[in-house]
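Below is one structure, written out as structure tokens, with a few remarks after it.
The values are calculated or read from the model by the stated rules, or taken from the named source; none is laboratory data. From a predicted model like this one, the values you see are computed outputs, not experimental measurements. Virtual Cβ from ideal backbone geometry, glycine too; neighbours counted across all protein chains shown.
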Amino acid sequence: MLICEEGLNSFSFFLKSCDIIFVKMEKYRVKVTPIVYLMLTKENNILLLRRYNTGFHDGLYSFPAGHIEKDESLIQAVIRERREEMGIESKLEDLNLVHVMHLEGERIGFLFRTEK
């Protein structure tokens, strides 16, 4: 019995003059950057911040947002971002995860909503 091993890419099937088909798969894991967003609503209004001196989408409006730090949960990140960007403390019970979205590149966004 022969096993053909030449010419393999990260995932490939091939059959030459062999008795069996050899399949090789190398692990590829997508590395995503998680981002938290906060939608603060009050009396049918939504708070948006204008991005400034960030180097990313400056001049555009956005929900308060930021990356998750090492060893930080989603909730901890959104509470920290609100404190850093708005100067307002949040409580866990005031936050609701309302949407998860795939963003450009290898990023995933978690949108939280609060009325407080």
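What number of residues within the range 63-85 are surrounded by 14 or more Cβ atoms within 10 Å (Cβ to Cβ) and modelled with pLDDT of 90 or more? Can you show your working first?
At the first step, the residues of the range 63-85 found to be surrounded by 14 or more Cβ atoms within 10 Å (Cβ to Cβ) are 63-66, 68, 72, 74-82, 85.
Pick out the ones that are also modelled with pLDDT of 90 or more and you get 63-66, 68, 72, 74-82.
Of the residues in that region, 15 qualify.
If you scan the range 82-108, which residues turn out to be in contact (Cβ under 8 Å) with a residue 12 or more places away in the chain, touching a Phe, Trp or Tyr at 6+ places or on another chain (Cβ under 6 Å) and farther than 15 Å from Leu47 by Cβ?
Leu97, the sole residue that qualifies.
Is there any pair with a first residue in the range 45-73 that is aliphatic (A, V, I, L, M) and a second that is assigned to a loop (DSSP other than H, G, I, E, B) whose Cβ atoms are under 6 Å apart and which are 6 or more apart or on different chains, and what are they?
Leu49/Pro64; Leu60/Arg51
I'm checking my understanding of the structure. Among residues of the range 55-96 that are among the charged types (D, E, K, R) and in a loop (DSSP other than H, G, I, E, B), which one is farthest from Phe110 (Cα to Cα)?
Result: Asp58.
Which one is nearest to the chain's Cα centre (by Cα), of the residues in the range 33-46 that are exposed (fewer than 14 other Cβ atoms within 10 Å of the Cβ) and under 19 Å from Phe110 (Cβ atoms)?
Of everything passing the filter in the range 33-46, Thr33 is nearest to the chain's Cα centre (by Cα).
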